[in-house]
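Below is one structure, written out as structure tokens; comments come after it.
Laboratory data are not the source of any read-out in this text; all were calculated from the coordinates shown. These numbers were taken from a predicted model, which means no experiment stands behind them. Here the Cβ is made from the backbone with ideal geometry for all residues, glycine too, and neighbour counts use every protein chain on show.
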Amino acid sequence: MNAKSIKGKSTEEINSALEECFSDGFKPTLAIVFLSVSQDRKAICDILDTNGISIFGATTHGEFIDEETDQGSIAILLLEINTSYFTTLFDEYTDGNYREATQNMAKESLEKFKKPAFLIAGSNMNANPEEILMGFIDVIGETVNVFGGMAGDDQAFKEQYVFTNKKSSNNGIVTLVLDEDKIDIKGIATCGWKAVGTEKTVTKSKGNHVYTVDNVPVLDLTIKYGGLDELKQDNLQQAIEIGTNFPLQLQREKGDPVMRPGLRIDWDDHSFYCSGPVPQGSKVKFSLPPDFDVVEKVISEVELMKSKEMPNADAVVVFSCAGRIYALGPFMNKEIEGIKNTWNVPMAGMFSTAELARATNGNLEMHSLTTCCIALKEK
């Protein structure tokens, strides 16, 4: 598999970069496209489609092909790969049928490949990522390889899109299906946040709405463990700080904990609306604010994946939570630089609304404040 990555701030810049890529005989058959909602998706897709290139695309909260992150731009990973080794699928959700949509995708994939693996992106803030993942598990089983993220919109959190050749939707899913008999795909979901205090019990919750932990309002406990001053209801910056710096860590019987930041505070009862479900009776820990150790842990986890599972790669794809931009600031570029340097091959990445992958030694599920790194290698 040959690969190249390109980026630009306009359709014209991407067209020029493509022509330069073609000049040495490189003939990509697949493009993984991450771009801002402010860019002309149709124009970019038309250029790729005209050149016979299949498209897996999503809008983002930011994009990159190296350690320098950007916003309002276009990042593309071009892959020259045998067209019999992959296919792209696209569907829209109707009446919340997330699980059914991915069940159908999984069944169609099995008709083409004995052992399919999936790179996915979904759109719409109201979609249920865990139901999306369950559709693949229902058909293929617990060990299925699925990696991806939910689309973004430059942090406006209003309308996100996924797209492929001649199709685009703000309420759908795009899937790149790979033949694992021909393509190695390995991935890791890691966040790096350190926990503080002992394990505690969620004593009242409903879905993603967490009311109390150990019978104390969750906001009050977060203030205590975060060493925060009393919060003011109208201070949006403080609310963002709570979500990005002091997430709950949902403990699992198997595998690493899953991050569940509080995205919205209910000031009437000091409860949280979290990024994903936090079942009543589940165990959680609170988090310390991030520092450079968070970045170092993510890089070391990626390096460990390289040494144990994927010594060599042809290309790398990254889905990183938009919340990490707020939490890590300039450290974010250091993290991406560390990932890039691990294999030093062409890469493209996006800042996502949620990350979809298997927790380390754990189950396939939705993540937040997490980096999902996927390495690809033709066998």
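Quick one: work out the % antiparallel among DSSP beta bridges in the chain, nearest 5.
Once the DSSP bridges in the chain are tallied, antiparallel ones form about 80 percent.
Loop sites here are GluC sites (Glu not before Pro) outside DSSP states H, G, I, E and B with no more than 12 other Cβ atoms within 10 Å. The longest part of the chain free of them is 143-229.
Among the lysines of the range 195-287, pairs that are 8 or more positions apart or on different chains and have alpha carbons within less than 19 Å of each other number 14. Measuring between their Cα centroids, the range 136-172 and the range 305-344 lie 20 Å from each other. Prolate is the label for the range 182-232. Its Cα gyration tensor axes, ordered a ≥ b ≥ c, give a/c of at least 1.5 and a/b above b/c.
Full extension of the chain between GLU108 and LYS194 gives 26.9 nm of extra length, using 0.36 nm per residue less the Cα-Cα distance.
Remark: the range 195-287 is approximated by an ellipsoid whose semi-axes, taken from the C-alpha gyration tensor as √(5λ), come to 20, 14, 12 Å, largest first. Among SER84, SER54, SER282, the largest mean-square fluctuation in a Gaussian network model of the chain, built with springs joining Cα atoms closer than 10 Å, belongs to SER84. Of the trypsin sites (Lys or Arg not before Pro) found in the range 236-277, those in coil by DSSP whose Cβ has at most 11 other Cβ atoms within 10 Å are LYS254. Modelled this way, with points 7 Å down the Cα-to-C-beta line, the labels at ASP46 and GLU68 are 2.9 nm from one another. Cα-based values for the range 92-236, radius of gyration first and Dmax second, are 19.6, 58 Å.
Among ASN215, ASN344, ASN128, the residue with the largest mean-square fluctuation in a Gaussian network model of the chain, with springs joining Cα atoms closer than 10 Å, is ASN215.
Comparing GLN237, GLN280, GLN249 in a Gaussian network model of the chain (Cα springs below 10 Å), the most mobile by mean-square fluctuation is GLN237.
With the alpha-carbon atoms of the chain aligned to their principal axes, the span from lowest to highest coordinate is 63, 41, 40 Å, starting with the largest. Among the trypsin sites (Lys or Arg not before Pro) within the range 111-180, those in coil by DSSP and having at most 11 neighbouring Cβ atoms inside 10 Å are LYS114, LYS158, LYS166. A simple charge model with +1 on the Cβ of Lys and Arg, -1 on the Cβ of Asp and Glu and nothing else charged puts the dipole of the range 248-331 at about 180 debye relative to its Cα centre. In the structure displayed, which of LYS107/LYS182; LYS114/LYS297; LYS9/LYS112; LYS114/LYS377; LYS7/LYS377 lie more than 26 Å apart, Cα to Cα? With Cα atoms farther than 26 Å apart: LYS114/LYS297; LYS9/LYS112.
Model label sites at ASN333 and ALA156, defined 7 Å from Cα along the beta-carbon direction, differ in position by 2.7 nm. Here the mean projected area of the convex hull built on the C-alpha positions of the range 239-379 is 8.8 nm². Along the chain, counting only chymotrypsin sites (Phe, Trp or Tyr not before Pro) with a DSSP assignment other than H, G, I, E or B and at most 13 other Cβ atoms inside a 10 Å radius, the longest segment between sites is 1-156. Annotation for PHE22 and ASN363: the two label points, set 7 Å from Cα along the Cα-Cβ direction, are 4.8 nm apart. Taking the DSSP beta bridges in the range 231-353 as the whole, what percent of them are antiparallel, to the nearest 5? Restricted to the range 231-353, the bridges split so that about 60 percent are antiparallel.
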